[in-house]
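Notes for the one structure printed next.
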Amino acid sequence: MPRLLLVIRNLCLTGGAPEDVIENIEDIEEILTDVQNAIRQGEKL
């Protein structure tokens, strides 16, 4: 997980953000990982 996303997630967790916010952060992390993998494999986006 990129550092900035990790910081945002941790702030949300310690600040008591609603569960849907945490789920959205997890979704963003998954999408970001997929995009980074596609770039590494040379796929056009």
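For region 17-27, a residue qualifies if it is out of contact with any Cys (no Cβ under 9 Å at 6 or more places or on another chain) and either in contact (Cβ under 8 Å) with a residue 60 or more places away in the chain or surrounded by 14 or more Cβ atoms within 10 Å (Cβ to Cβ) (or both), and exactly one does: Ala17. Residues in region 1-27 that are modelled with pLDDT of 95 or more and either of a type in the set (Gly, Ala, Ser) or outside any helix (DSSP H, G or I) (or both): Gly15, Gly16, Ala17, Pro18. Would you tally the residues in region 1-34 being within 9 Å of the chain's Cα centre (by Cα) and basic (Lys, Arg)? Selection size over region 1-34: 1. Exactly one residue out of Thr33, Thr14 is of a type in the set (Val, Ile, Thr) and loosely packed, with under 10 Cβ neighbours inside 10 Å: that is Thr14.
The values are calculated or read from the model by the stated rules, or taken from the named source; none is laboratory data. Everything numeric in this text was worked out from a predicted model, so none of it was measured. Please note: Cβ atoms are built from the backbone with ideal geometry, for glycine as well, and neighbour counts cover all protein chains shown.
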